[in-house]
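Read the figures in this text as sums done on the coordinates, not as results from a lab. Source: prediction; values computed, not measured. Using ideal geometry, Cβ is built from the backbone for each residue, glycine included, and neighbour counts are taken over all protein chains shown.
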Amino acid sequence: MGRDQRDEPKNPVAPAPGGETDFAVFSSLLEDNAEDLYENAPCGYLSTLLDGRIAKVNKTLLNWLGYSRDELVGRRSFSDLLNVGGKLYYETHLAPLLSMQGEVGGVALEMRAADGTRLPVLVTSAVKSDNAGEPILIRTTIFDARDRRAYERELLRAREEADRERARLQDLVVTLQRSLLPPVLPVVPGLDAAAHYYAASPDELGGDFYDLFPLSGTSWGLFLGDVCGKGARAAALTSLIRYTLRTAAVYDGDPATVLRTLNTALHEQYLRDDRSFCTVIFGVLSSDGDGFTVTLVRGGHSVPLLMRADGTADYLPMPLGPLIGAWADVVFTPTTIRLAPGDTLLLFTDGLTEARAPTTEPSGRYGDEALRAFVRDLAPSTAGTAVTAIIALLDSLGDGRQDDAAVLALGVPDNPLPSSA
Amino acid sequence: MGDMRIGGRNNVLLTGRVDKPVMMLANGFGCDQNMWRLVAPALAADFRVVLFDHVGSGRAEPSAWQPERYATLDGYVEDILRICHELELNDVVFVGHSVSAMMGVLAAIAEPERFRQLILIGPSPRYVDDAAYRGGFSESDIDELLESLESNYLGWSAAMAPVIMGNPDRPELGQELANSFCRTDPQAARVFARTTFLSDNRTDLAKVTVPTLILQCSSDVIAPLEVGAYVHAQIPASTLVTLPATGHCPHLSAPAATVAAIRAFAVDDGP
């Protein structure tokens, strides 16, 4: 094997002293041949006049596209070599940008070869001006981007797949969440009922729940609560709670007994998983002439607010009761009130009072006091008006809403249907 | 003289002479009001120039973007009329480039009394071929454009966008970002591209009653000569001027000729 010239200098950076011939060889190599470098560069070069016509093109690009020089120079414009979508993109984005800022880089386009095949490329263009600063040419460098574009397409596909999965998840979450709430509240003669559920995240099931359901011709069960945590586990727990409460209430309508039954069911799970607990208010409504007698028990949940027909409003004092599920033996003490015409009872979860809000409270949370003041301004009210007001309040808290929130309002209309005089 | 940044939903900028007739410059699909930078200073001598960005591009209010509203030209037309109403602009010379030319047509049909003249630069009432009508493109060409948009987020950085677009009063924030003139939320660009290239306003042209100038480039891939001739034939009181210019943006490639043609029509308006 003959020795190549290139092998001669041992260390090309520091030629041997006196080795002038070596140095000349080396420096000529360093300079390369500018013409050859242009023609056979590892990228395409293209110069176009301002009207778009191709003035100069290198061999590399001609080889890529399968054109002869004569077919392009003076005859075709750069945008002729693009697919139609690229042409539109060139005219609406690249040409204006080149005019406005003199250069534009890193643009992904597709060129069309003479045989119709497509060559994905990355393009950078710059305007070359004459000594007077007048633009005369546009110089474009073109890189073969087949591998890069294939990779990007994979990324794009993966993103589209992820978007679809997310849409599917959100759909599932919405459907599941709905299945854990009554689709509509039942009509209770002589009672106004309204509810609202605010879901903090479209991607995650919340842990709040409520229900209102018939027990007999004159009595109805109601509950509202909050399970520990979020997501699928919380949803499964909510489902268990909901069906246990409904079944227990039908079996024995005594509210304290119903919550004890729920406690027994949850405690069994709690022993296996110490997140299996919840807070809840359970109650039974019984029609009593022009109003309702309401017997409530609570297990660790916030007390409800009671708005009276005379415009007064306050939290309803009632024994706290234990968290449901955490202890084996629990005792609940019922509280009985009467809802007369014009009275409204408002049950809520702490997603409302724990929302971050501009407040004087050291906690930075909206807080029980603010809610009491809000409801006092509202009273006397109706179930529908109260829930609408709470929805507006939640909206006003914007990003401060960090958790799900549920409200259930029950009111006796002040002016029952006028009887025929 | 006095520049007045109104900002707001459409990032409106008033420039030029307060005592002169109002000229509204509306850019087309692709970039923003900077497209007028080579002609606006010259026009400012003879007009009160109104510049703005379409919602979904430039420095328009990002929260104003709604995909349904801007899925037809009507949403953009409503914005143009809203600007006219809010700023009490009357006798407006409306200059619309590309798709904004058709917005001007629709606005002038809705409120002919508000517009003195229409100047349509590179207008096309329909880009997609339809039977004997030659718009120059097929639907699959438009899909290719959408692909090009998908693979090029020019000047768009999801992380930077809220900072820049939320601070129209601090343009310096955007200057580090190259290609910012064509900065568009990719989702908005996609909708705007579809709206632009899939609209059909051929039957609207005959309803224009306002004196209209059609400025056509001699070599324009997007709005070829025959499309310009079609628009001219359909709009009753129209004049067609063909500028010796290449490309779709004579206001960038041939600004002096563009200004001269606009002035000849709008300033030295005949009897």
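Tell me, what is the percent relative contact order of chain A, built from C-alpha pairs under 8 Å that lie six or more residues apart?
On the way: 785 pairs, mean separation 49.9, N = 421.
So the answer I get is 12 percent.
Helix-only mean residue ellipticity at 222 nm, chain A, DSSP H runs n ≥ 4 weighted -39,500 (n - 2.57), per residue, nearest 500. What is it? Write down the numbers at each step before the final one.
Working: 12 runs with 144 residues, N = 421.
Estimated from H runs of four or more residues: -10500 deg cm²/dmol.
Could you check how many percent of all C-alpha pairs in the protein assembly as shown are farther apart than 40 Å?
54 percent
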* Between residue A:252 and residue A:320, what is the label-to-label distance in nm when each label sits 7 Å out along the Cα-to-Cβ direction? -> 2.6 nm
* With Cβ to Cβ distances under 11 Å as the rule, what net charge do the other residues near residue B:86 carry (K, R +1; D, E -1)? -> 0
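What length, rounded to one decimal in nm, is gained on full extension from residue A:68 through to residue A:293, with 0.36 nm per residue of separation minus their alpha-carbon distance? Don't skip to the answer; put the middle values down first.
Numbers: separation 225, 0.36 × 225 = 81.00 nm, distance 9.50 nm.
Result: 71.5 nm gained on full extension.
Local charge sum around residue A:208 (other residues, Cβ-Cβ under 10 Å, Lys/Arg +1, Asp/Glu -1)? Spell out each step's value before the answer.
Values: positive: A:230; negative: A:226, A:350, A:403, A:404.
Residues near residue A:208 contribute -3 overall.
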* Would you work out the charge dipole size for chain A about its Cα centre, treating the Cβ of every Lys and Arg as +1 and the Cβ of every Asp and Glu as -1, and quote it to the nearest 20 debye? => 660 debye
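So what's the net charge close to residue B:194: Lys and Arg +1, Asp and Glu -1, counting the other residues with Cβ under 12 Å from its Cβ?
Working: positive: B:190; negative: B:139, B:143.
So the surrounding residues net to -1.
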* chain A: longest stretch without exposed trypsin sites (Lys or Arg not before Pro) (DSSP loop, at most 11 other Cβ within 10 Å), sites themselves excluded? -> A:76-271
* To do: Using only the Cα atoms of segment B:26-104, build the gyration tensor, take square roots of its eigenvalues as a ≥ b ≥ c, and label the shape rounded, prolate or oblate: rounded if a/c is under 1.5, else prolate if a/b is larger than b/c, else oblate.
  => prolate
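Test of understanding: ordering A:90, A:38 by Cβ neighbours within 10 Å, fewest first, what list do you get?
Values: A:90 26, A:38 13.
Neighbour counts put them in this order, fewest first: A:38, A:90.
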* Asked: With the Cα gyration tensor of segment A:278-371 giving a ≥ b ≥ c as the square roots of its eigenvalues, does the rule (a/c under 1.5 for rounded; else a/b larger than b/c for prolate; else oblate) give rounded, prolate or oblate?
  -> oblate
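Compute the FRET efficiency between residue A:156 and residue B:267 as 1/(1 + (r/R0)^6), taking r as their Cβ-Cβ distance and R0 = 51 Å, and round to the nearest 0.05. If you can, show how the numbers build up before the last one.
Working: r = 50 Å, r/R0 = 0.98.
For residue A:156 and residue B:267, the calculated efficiency is 0.55.
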* Tell me, what HN-Hα J-couplings in whole Hz come from the Karplus equation 6.51 cos²θ - 1.76 cosθ + 1.60 at θ = phi - 60° for each residue of segment A:238-246, using x for Gly and Pro? -> 4, 4, 4, 4, 4, 6, 5, 4, 5
* Asked: Using 1/(1 + (r/R0)^6) with R0 = 51 angstrom and r between the beta carbons of residue A:164 and residue A:327, what's the FRET efficiency to the nearest 0.05?
  -> 0.65
* Structure fact -> Phi-derived 3J(HN,Hα) across segment A:62-73 with the Karplus relation (6.51, -1.76, 1.60, θ = phi - 60°), rounded Hz, x for Gly and Pro, is 4, 5, 4, 8, x, 9, 8, 4, 5, 6, 9, 5
* Asked: So how far apart, in nm, are the two label points at residue A:361 and residue B:146 if each is 7 Å from Cα heading toward Cβ?
  -> 4.8 nm
* To do: Please label the shape of segment A:108-229 as rounded, prolate or oblate, based on the square roots a ≥ b ≥ c of the eigenvalues of the alpha-carbon gyration tensor (a/c under 1.5 means rounded; beyond that, a/b larger than b/c means prolate, else oblate).
  => prolate
* Asked: Hey, what angle do you get for helix A:367-378 against the long axis of chain A, alpha-carbon based, 0 to 90 degrees rounded to 10?
  -> 70 degrees
* Asked: Residues with amide H under 5 Å of residue B:239's amide H, sequence separation 5 or more or different chain, H placed in the peptide plane at 1.01 Å from N; which?
  -> B:212, B:213, B:214
* Asked: Which whole-number percent is the relative contact order of chain B (Cα, under 8 Å, 6+ apart)?
  -> 20 percent
* Starting from the Cα-Cα distance between residue A:269 and residue A:402, subtract it from 0.36 nm times their residue separation and give me the gain in nm to one decimal. => 45.1 nm
* Asked: Looking at chain B, what % of its DSSP beta bridges pair antiparallel, to the nearest 5?
  -> 30 percent
* What number, in percent, do you get for the relative contact order of segment A:100-205 if the mean sequence gap of Cα pairs under 8 Å and at least 6 apart is divided by its residue count? -> 17 percent
* Tell me, what HN-Hα J-couplings in whole Hz come from the Karplus equation 6.51 cos²θ - 1.76 cosθ + 1.60 at θ = phi - 60° for each residue of segment A:115-126, using x for Gly and Pro? -> 8, x, 5, 9, 10, x, 9, 10, 10, 10, 10, 9
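Which order do the peptides B:207-215, B:247-255 come out in when sorted by mean C-beta neighbours inside 10 angstrom, highest first?
Values: B:207-215: 21.8, B:247-255: 24.4.
Ranked from most to least packed, the peptides come out as B:247-255, B:207-215.
Dipole magnitude of segment A:169-262 about its Cα centre, charges +1 at Lys/Arg Cβ and -1 at Asp/Glu Cβ only, in debye to the nearest 20?
So the dipole magnitude of segment A:169-262 works out to roughly 180 debye.
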* Given H placed on each backbone N at 1.01 Å, which residues far from residue A:215 in sequence or on other chains put an amide H within less than 5 Å of it? -> A:220, A:221
* Give the residue from B:33, A:391, B:196 lying farthest towards the positive end of the charge dipole for the protein assembly as shown; charges sit on Cβ (+1 for Lys and Arg, -1 for Asp and Glu) and the dipole is referred to the Cα centre. => B:196
* Asked: Assigning unit charges at the beta carbon (Lys, Arg +1; Asp, Glu -1) and nothing else, what dipole magnitude in debye, to the nearest 20, does segment A:56-194 show about its Cα centre?
  -> 360 debye
* So for segment B:25-70, Kirkwood radius off the Cα pairs, Stokes-Einstein at 37 °C and 0.692 mPa s: how many µm² s⁻¹? -> 280 µm²/s
* May I ask you to compute the full-extension gain from residue A:39 to residue A:175, defined as 0.36 nm times their residue separation minus their alpha-carbon distance, rounded to one decimal in nm? => 42.7 nm
